[in-house]
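What follows is a set of notes on a single structure, which appears directly below.
All of the numbers you see were taken from the coordinates with simple rules; none came from a lab. As the structure is a computational prediction, the values presented were derived from the model and not from experiment. All Cβ positions, glycine included, derive from the backbone under ideal geometry; neighbour counts span all protein chains shown.
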Amino acid sequence: VTTRAAAPALTPSQGVALVCRVLGGLGLTREPAGHVSVRLDGGRVAIKSRGEGEAGLRYTTESDIVTVDFDGNVVDGSGLRPPQELPIHLQILRARPDVMSVVHVHPTASVLATIAGIPIAPVVGAYDPYAIRLLAKGLPTFERSVLVNTPELGDELAAALGDASVCLMRGHGLTAVGATLEEAGLNAIKIDELIDLNLEGVMLGTARPISDDDLRVVVGDGTTRPALVASAWDYYVRQTSKGGDDE
Ligand SMILES: [Zn+2]
């Protein structure tokens with residue numbers, strides 16, 4: 001048995017592929033819809049590619065990752081092309097120097113919340129403080145429902161996201177960002193779970209927010225210990241890996 005701390009460091013392409021597999025494995029997106037990117041040195045970005053024979057997110061491997069520059073030119077990854085929605089990634093990475101990774105997926109619950117116009121409330125406390133801290137940073141909605149396939153639309157989305165970590169996209173999906181690949185992936189997972197709880201609460205009759213006093217305590221200074229973030233992410237990696245309990 002190897003110790004968890006001894007896990008080998010992943011290359012950026014391996015890291016992007018892993019986040020794709022986790023999000024796809026959890027059912028946060030269907031088919032090949034959605035993509036994950038990470039900022040590289042030298043003004044380049046590694047991103048899940050699209051095109052003939054492409055893998056669905058949950059089956060992504062390193063060979064599905066393409067490297068582009070900030071003009072969208074492919075600089076590595078022969079035969080692959082970036083997704084049409086590359087501007088989601090490039091324009092957010094331009095606007096947010098603090099962001100290293102961008103995730104775009106189409107989770108059903110998140111789309112349903114935008115269809116029904118359900119406001120997302122802090123309905124839990126100790127059940128999931130990370131999700132509540134994410135919500136406290138804001139959960140804006142991008143009201144356009146078209147493909148974000150131009151720099152102008154990418155800028156509009158980046159403006160809607162603002163300083164938040166997740167932006168819902170009406171009738172489309174969500175875009176999540178993070179200071180690392182794992183954080184961006186976890187942000188997508190956590191907000192989708194919270195949205196799911198809100199929707200189910202509404203369906204059961206009401207989705208009551210916790211008290212303001214408790215909300216302040218749960219949010220605290222807004223940060224979560226890195227060790228807790230790492231173990232949460234590790235949980236989803238193991239759940240969606242071969243030998244996990246997902247299949
Ligand atoms: Zn999309």
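General observations
- Taking all Cα-Cα distances within segment 11-139, those exceeding 26 Å account for 28%.
- Kirkwood radius for segment 142-206, taken over all pairs of different Cα atoms as the inverse mean of 1/r, rounds to 13.0 Å.
- The residues packed around residue 17, meaning those with a beta-carbon under 11 Å from its beta-carbon, carry a net charge of +1 if Lys and Arg are +1 and Asp and Glu are -1.
- Here the chain is assigned +1 on the Cβ of each Lys and Arg and -1 on the Cβ of each Asp and Glu. Its dipole about the Cα centre then comes out at about 160 debye.
- With the Kirkwood sum run over all distinct C-alpha pairs, the chain has a hydrodynamic radius of 18.3 Å.
- GNM on the chain, alpha-carbon springs under 10 angstrom: the most fluctuating residue among 176, 109, 159 is 159.
- Difference of contour (0.36 nm per residue) and Cα-Cα distance, residue 231 to residue 215: 3.4 nm
- Degrees, to the nearest 10: 86-95 long Cα axis against longest axis of the chain: 70
- For segment 1-70 versus segment 180-247, the gap between their alpha-carbon centres in whole angstrom: 21
- Cα-projected label distance for residue 75 with residue 149, points at 7 Å along beta-carbon direction, nm: 2.6
- Folded to 0 to 90 degrees: helix 151-161 orientation relative to the chain principal axis, Cα: 30
- Segment 40-85: radius of gyration over Cα atoms, expressed as a fraction of 2.2 N^0.38 Å: 1.09
- Tail fraction, Cα-Cα pairs, segment 82-209, threshold 22 Å, whole percent: 30
- When the chain is treated as a GNM with alpha-carbon contacts under 10 Å, the residue of 27, 51, 15 showing the greatest mean-square fluctuation is 51.
- Across segment 178-238, the fraction of Cα-Cα pairs farther apart than 13 Å, rounded to a whole number, is 72%.
- Ordering 215, 57, 147 from the fewest to the most neighbouring beta carbons within 10 Å gives 147, 215, 57.
- For the chain, modelled as a GNM whose springs connect Cα atoms under 10 angstrom apart, the maximal fluctuation among 31, 52, 200 occurs at 52.
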